[in-house]
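Engineer: Below is the structure I would like to discuss, written out as structure tokens.
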Amino acid sequence: MDWIYLMQTVVLGIVEGLTEFLPISSTGHLIIASDLVDFAQSPGADTFVIAIQAGAILAVCWFYRQRIFRILRGLFSEPVEQRLAVNTIVGFLPAAVIGVMVAGTIKAYLFNPITVAAALVVGGVLILWIENYQVKKQIKPRVLTMDDMTWKDALMVGFMQCLAMIPGTSRSGATIIGGLVLGLSRKAATEFSFFLSIPTIFGATVYDLYKSRDALAAANLDGLLVGTVVSFLSALFVVRWLLRYVSTNDFKAFGWYRIVFGLLILGLGATGAVEWRDM
């Protein structure tokens with residue numbers, strides 16, 4: 001057993017769990033972390049970055065297990081549960097269709113620290129601008145809870161989610177901030193982002209594992225299991241924390257973090273302090 005490899009997967013599992021549901025891009029952080037811990041050249045490294053997200057999804061399923069059971073029980077009898085189930089599927093469709101078409105190209109050309117850094121900075125600026133604009137215009141949310149959303153709201157959030165196919169953009173950032181722009185309250189946007197992550201990331205994980213099944217046969221599957229478990233535990237903590245955070249705070253802190261982190265990545269590469277791949 002390669003203990004160095006296992007320690008690398010533990011680190012990446014922590015990074016994935018802590019960043020998956022924050023608007024700072026988990027995939028982007030994993031790409032950076034992979035370079036820093038010398039994991040990027042390991043067999044199936046890019047697939048590992050995708051597959052490890054399964055742990056974070058299991059954390060959401062566990063956290064919302066009672067609501068998920070209510071949806072399953074009321075799927076054919078309860079209008080509220082039916083609406084949420086339909087909205088989740090509708091929101092998932094844009095990423096499912098577009099993702100299949102562009103996933104290979106994105107992994108081939110955009111899975112590198114420079115793309116991540118640029119997306120982090122641009123996304124951070126957008127978060128700050130949107131937050132300041134909403135305060136300046138005193139915009140009130142049109143949709144207060146996740147259960148008040150229409151299928152059109154869900155579809156628009158789904159298209160926003162497609163922006164997150166670019167590493168460094170952040171799936172949660174695109175859906176939560178996009179939801180705010182569309183008129184959702186912070187809690188509604190955050191909770192729907194959690195629910196939307198279940199089919200989206202689960203589908204992306206299964207699809208990527210299938211496409212990379214030959215590479216996985218030679219990879220260290222023990223490391224993938226360890227990373228997934230660590231991701232589950234750390235993500236469970238973040239889900240609980242973020243729901244409390246959004247009840248009394250905006251997302252400006254995450255915007256500033258993205259800008260500083262993105263510029264730091266570019267600065268380290270430009271000065272030669274760190275040799276990023278493809279720089």
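The values are calculated or read from the model by the stated rules, or taken from the named source; none is laboratory data. Please read these numbers as outputs of a predicted model, since none were measured by experiment. Here the Cβ positions follow ideal geometry from the backbone for every residue, glycine too, while neighbour counts run over all protein chains shown.
Engineer: Which helices (runs of 4 or more DSSP H) sit wholly inside segment 1-75 and have at least 2 residues that are closer than 27 Å to E275 by Cβ?
Structural biologist: Fully inside segment 1-75 and qualifying: 3-19, 26-36, 45-51.
Engineer: May I ask you to verify whether T47 is in contact with a Pro (Cβ under 6 Å, 6 or more places away or on another chain), of a type in the set (S, T, N, Q) and under 23 Å from K211 (Cα atoms)?
Structural biologist: Here the answer is no, as T47 does not meet what is asked.
Engineer: Tell me the residue from A40, A95 that is surrounded by 15 or more Cβ atoms within 10 Å (Cβ to Cβ) and within 18 Å of the chain's Cα centre (by Cα), please.
Structural biologist: A95
Engineer: Could you please give the count of residues in segment 46-66 that are surrounded by fewer than 20 Cβ atoms within 10 Å (Cβ to Cβ), more than 23 Å from S34 (Cα to Cα) and touching a residue at least 12 places away in the same chain (Cβ under 8 Å)?
Structural biologist: 4
Engineer: Follow-up. Does at least one position in segment 24-34 carry a residue that is surrounded by fewer than 18 Cβ atoms within 10 Å (Cβ to Cβ), over 16 Å from V230 (Cβ atoms) and among the aliphatic types (A, V, I, L, M)?
Structural biologist: Checked against the condition, which is being surrounded by fewer than 18 Cβ atoms within 10 Å (Cβ to Cβ), over 16 Å from V230 (Cβ atoms) and among the aliphatic types (A, V, I, L, M), segment 24-34 yields no hits at all.
Engineer: Is it true that F39 is among the aromatic types (F, W, Y), under 21 Å from D222 (Cα atoms) and free of Cβ contacts under 8 Å to residues at least 40 places away in the same chain?
Structural biologist: yes
Engineer: Could you tell me how many of the residues in segment 235-279 are hydroxyl-bearing (S, T, Y), closer than 27 Å to A45 by Cβ and modelled with pLDDT under 95?
Structural biologist: Residues flagged as hydroxyl-bearing (S, T, Y), closer than 27 Å to A45 by Cβ and modelled with pLDDT under 95 within segment 235-279 amount to 1.
Engineer: Out of I106, I114, I89, I139, report the one residue that is closer than 17 Å to Y207 by Cβ and at pLDDT below 95.
Structural biologist: Just a single option satisfies the conditions, and that option is I106.
Engineer: Every residue in segment 149-176 that is farther than 15 Å from E20 by Cα, aliphatic (A, V, I, L, M) and in a helix (DSSP H, G or I), please.
Structural biologist: The answer is A154, L155, M156, V157, M160, L163.
Engineer: Right, something else. If the requirement is being buried (at least 24 other Cβ atoms within 10 Å of the Cβ), at pLDDT 95 or above and either charged (D, E, K, R) or over 15 Å from I130 (Cβ atoms) (or both), which of these qualifies: G158, G223, G168, G227?
Structural biologist: Just one listed residue meets the conditions, G158.
Engineer: Pairs only if they're at least six apart or on different chains, beta carbon under 6 angstrom, first in segment 76-89 and part of a helix (DSSP H, G or I), second among the small types (G, A, S) and buried (at least 19 other Cβ atoms within 10 Å of the Cβ); list them, first residue then second.
Structural biologist: N87/A154
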